[in-house]
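The values are calculated or read from the model by the stated rules, or taken from the named source; none is laboratory data. Treat the numbers as computed from the prediction; the structure is a model and nothing was measured. When we count neighbours, we look across all protein chains shown, and the Cβ atoms used for this are built from the backbone with ideal geometry, even at glycine. Accessible surface is based on the protein model in full, side chains and every heavy atom, while ligands, DNA and RNA are left aside. Shrake-Rupley method; radii C 1.70, N 1.55, O 1.52, S 1.80 Å.
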Amino acid sequence: MEQSLTATPDVANIPSISSSAMLVQLNVSVWTARKKDKAATAKVAREAGASDKAGTYNKNILAGCTELEDLQRFVGNARNDHYAMTAPWSDMGLRLIPTTAFFDYVNHMTGLEQEYWRLYKLFEDAYQWRTSTAMAELGNMFDHNEYPPVDEIRRKFGWTLSKQPVPESGHFSLDMPNEQQEMLKREYDEFYGAQLQGVANDIWSRLKKNLETVLRQLSPKDEFDANGNQKYNRLYDSVFDTSLELIRMMRDFNVTGDTRMTAIADQLENTLYGVNTDALKNSESLRLEKQQEVKDIIRNLPSLDI
């Protein structure tokens, strides 16, 4: 039977994580190079017999600028890496990273930052030329006033990665009556427990989604080939690589010492140990065996009624 994860942990029974985890926040900005064209918006509305409030026409003032497109695409992938390597902590963008994974995380993000500024320099070098070529792309919608000088463009880009320790209520030292301090500590302990539960829920959620994909790939199709042989879904190495990465995350992010998370990580590691997609493709019995093992792991996952 699935167990619920909705209950907030008892903070008094949770080991301190101030020395086993950090909080990080990534802020990356990139110019969209999109502008609302009032004239085009009015023209479209007029031709459609619609109100000006019915919609807007936004033009890409650097249409065809592959340097900016590459940078925008890179930023999206960099944010995805940041999210994949951390767990949510607060609505303000802070995310948790265990100290066991902190070194690799910082090295990875440092490499991404260097690549970000390399791509930015390529864009900056091409900016003046791309501005002139945009005239041909935009036709009558081109407006030279919409293209800031390079020194202003630079301020539209930025990369900041901030790091800070995880605060705990025991660190509160405030100039107020003890009764009020205790009330604040209790309130923070509730928040602290809820955030730790959120970290666990995030890992469980990622794992469930991945294992459901693994199970689907391992499972047979409802069809047979011309020789009467059972057909199977296609296997992707990337999906199994994600499973192995999640094993590491379950160990690194298990800052509360959850024995169930440790057991699931061990179970999944035993299931995938020494297994690759080639072996699964060449052995129907192995494939069905792993299908059942993954199904059992999914059955043992806690529910996420959050």
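Among the residues in region 222-230, are any in contact (Cβ under 8 Å) with a residue 24 or more places away in the chain, surrounded by fewer than 16 Cβ atoms within 10 Å (Cβ to Cβ) and hydrophobic (A, V, I, L, M, F, W, C)? Checked against the condition, which is being in contact (Cβ under 8 Å) with a residue 24 or more places away in the chain, surrounded by fewer than 16 Cβ atoms within 10 Å (Cβ to Cβ) and hydrophobic (A, V, I, L, M, F, W, C), region 222-230 yields no hits at all. Checked against (1) of a type in the set (Ser, Thr, Tyr); (2) within 24 Å of the chain's Cα centre (by Cα); (3) surrounded by fewer than 13 Cβ atoms within 10 Å (Cβ to Cβ), Tyr273 passes all but condition (2). Quick check on region 95-105. Is at least one of its residues touching a Pro at 6+ places or on another chain (Cβ under 8 Å) and of a type outside the set (Ser, Thr, Tyr)? Taking every residue of region 95-105 in turn, at least one turns out to be touching a Pro at 6+ places or on another chain (Cβ under 8 Å) and of a type outside the set (Ser, Thr, Tyr).
Considering every residue within region 135-154, establish whether at least one is touching a Phe, Trp or Tyr at 6+ places or on another chain (Cβ under 6 Å), part of a helix (DSSP H, G or I), in contact (Cβ under 8 Å) with a residue 40 or more places away in the chain and open to solvent by less than 90 Å² (accessible area, probe 1.4 Å). No; the residues of region 135-154 include none that is touching a Phe, Trp or Tyr at 6+ places or on another chain (Cβ under 6 Å), part of a helix (DSSP H, G or I), in contact (Cβ under 8 Å) with a residue 40 or more places away in the chain and open to solvent by less than 90 Å² (accessible area, probe 1.4 Å). Note on region 211-244: residues that are assigned to a strand (DSSP E or B) and either more than 20 Å from Asp278 (Cβ to Cβ) or touching a Cys at 6+ places or on another chain (Cβ under 7 Å) (or both) total 3. For the subset of region 56-83 comprising residues that are part of a helix (DSSP H, G or I), free of Cβ contacts under 8 Å to residues at least 24 places away in the same chain and not β-branched (Val, Ile, Thr), which member is farthest from Arg206 (Cα to Cα)? So the residue we want is Glu69. Restricting Ser283, Ser219, Ser243 to those that are in contact with a helix residue (DSSP H, G or I) (Cβ under 7 Å, 6 or more places away or on another chain), modelled with pLDDT under 95 and of a type in the set (S, T, N, Q) reduces the list to Ser219. Of the residues making up region 94-107, none is polar (S, T, N, Q), surrounded by 13 or more Cβ atoms within 10 Å (Cβ to Cβ) and under 30 Å from Lys59 (Cα atoms). Scanning region 54-83 for residues that are open to solvent by less than 60 Å² (accessible area, probe 1.4 Å), modelled with pLDDT of 95 or more and not acidic (Asp, Glu) yields Leu68, Leu71, Phe74, Val75, Gly76, Ala78, His82.
Of the numbered criteria (1) within 23 Å of the chain's Cα centre (by Cα); (2) in contact (Cβ under 8 Å) with a residue 12 or more places away in the chain, the one Leu235 fails is (1). Scanning region 186-211 for residues that are under 30 Å from Tyr236 (Cα atoms) and open to solvent by 40 Å² or more (accessible area, probe 1.4 Å) yields a count of 4.
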